[in-house]
1. When you check residue 35 against the structure, is it under 19 Å from residue 127 (Cα atoms) and either of a type outside the set (S, T, N, Q) or more than 16 Å from ligand 2 (Cβ to nearest atom) (or both), yes or no?
2. Name the residues in the stretch 35-85 that are assigned to a loop (DSSP other than H, G, I, E, B) and either more than 13 Å from residue 8 (Cα to Cα) or at pLDDT below 95 (or both), would you?
3. Can you tell me which residues in the stretch 31-55 are surrounded by fewer than 18 Cβ atoms within 10 Å (Cβ to Cβ), in contact with a strand residue (DSSP E or B) (Cβ under 8 Å, 6 or more places away or on another chain) and of a type outside the set (Lys, Arg)?
4. Condition first: outside any loop (DSSP other than H, G, I, E, B), closer than 21 Å to residue 10 by Cα and out of contact with any Phe, Trp or Tyr (no Cβ under 7 Å at 6 or more places or on another chain). Can you find one or more residues in the stretch 93-115 that meet it?
5. Scan the stretch 1-11 residue by residue and report those that are assigned to a helix (DSSP H, G or I) and either among the hydroxyl-bearing types (Ser, Thr, Tyr) or surrounded by 17 or more Cβ atoms within 10 Å (Cβ to Cβ) (or both).
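The values are calculated or read from the model by the stated rules, or taken from the named source; none is laboratory data. Because the structure is predicted, anything quoted here is derived from the model rather than measured. Every residue, glycine as well, gets a Cβ built from its backbone with ideal geometry; the counts of neighbours run over all protein chains shown.
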Amino acid sequence: TRVHFVPYFHRVIDRFELTKKENVSFVRNFPDEKIIVHMDEDKITQVLDNIISNALKYSPQGGTITFRVEKLESDIRVSVKDEGVGIPKADLSKIFERFYRVDKARSRKLGGTGLGLAIAKEVVVAHGGRIWAESQERKGTTIYFTLPIEQQKKG
Ligand code: ATP
Ligand code: MG
C-alpha cells in the first residue's frame, strides 16, 4: 500500500511515547514534504518496533533518542539514534544475524531472542532497501535503513 511516511512514523513513535520511561526523551527530525512509500505497513511497523525497543532497552537514564527521516534521490533514509552502551566494532555486522546477541550476560539480563534485527533485515531487503548500524561504545548507536520512494511524475 501507499503510505504517507512522515505521519505514519509519527503515529508509531507516539505509541512509544505513551509507554516509555519518563526519563528518556524523543526528538523527531522530519522533512515537511509529502513522501510516499509503497510498503507493507504491518511489516515495517514490526521493523520500527524492534529498532525502537532496542534503543529504549539500551538507553541510559536521561538519554535522548533521535528519529530522523531524510529524503534522498530515490529513497528515504530513516534513522534511530540512541545514547546507550553502544556495540563493539567487531559485532556491528553480526547483529543482523539470527540469534546474535552482543555480550551474552548483558543481553540475557535485558531479555530477547536475538531475532529482531534479523527479521528487520529480511523485511527491509524485501522492500528493496538496506539496513546498517553505526555505533561507538559507551556513546551510542544509530540504526539506519532505506526504502524506495514513489517518484513524482514530471511535467
Ligand atoms: P529480540 O529483538 O529478538 O527481542 P534482541 O533485541 O536481543 O532480541 P536484536 O534486536 O536482533 O535482538 O538485536 C541483536 C543484538 O544487538 C542485541 O542483543 C544487542 O546485543 C545488540 N543491539 C541491538 N540494538 C542495540 C542498541 N540500540 N544498542 C546496543 N546494542 C544493541
Ligand atoms: Mg530487539
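1. Values: under 19 Å from residue 127 (Cα atoms): yes; either of a type outside the set (S, T, N, Q) or more than 16 Å from ligand 2 (Cβ to nearest atom) (or both): yes.
The answer is yes for residue 35.
2. Residues of the stretch 35-85 assigned to a loop (DSSP other than H, G, I, E, B): 35, 39-40, 58-63, 72-74, 83-85.
Within the stretch 35-85, 58, 59, 60, 61, 62, 63, 72, 73, 74, 83, 84, 85 meet the criteria.
3. If we filter the stretch 31-55 for residues that are surrounded by fewer than 18 Cβ atoms within 10 Å (Cβ to Cβ), which is where we start, we get 31-34, 36, 38, 40-43, 45-46, 49, 53.
Checking the rest, the ones that are also in contact with a strand residue (DSSP E or B) (Cβ under 8 Å, 6 or more places away or on another chain) come to 31, 33-34, 36, 38, 41.
Residues satisfying the conditions are 31, 33, 36, 38, 41.
4. Quick first cut of the stretch 93-115, residues outside any loop (DSSP other than H, G, I, E, B) only: 94-96, 104-110.
Among the residues that remain, those that are also closer than 21 Å to residue 10 by Cα are: none.
No, the stretch 93-115 contains no residue that is outside any loop (DSSP other than H, G, I, E, B), closer than 21 Å to residue 10 by Cα and out of contact with any Phe, Trp or Tyr (no Cβ under 7 Å at 6 or more places or on another chain).
5. Here is the first cut: in the stretch 1-11, the residues assigned to a helix (DSSP H, G or I) are 5-11.
Listed by number, the residues that qualify are 5, 6, 8, 9.
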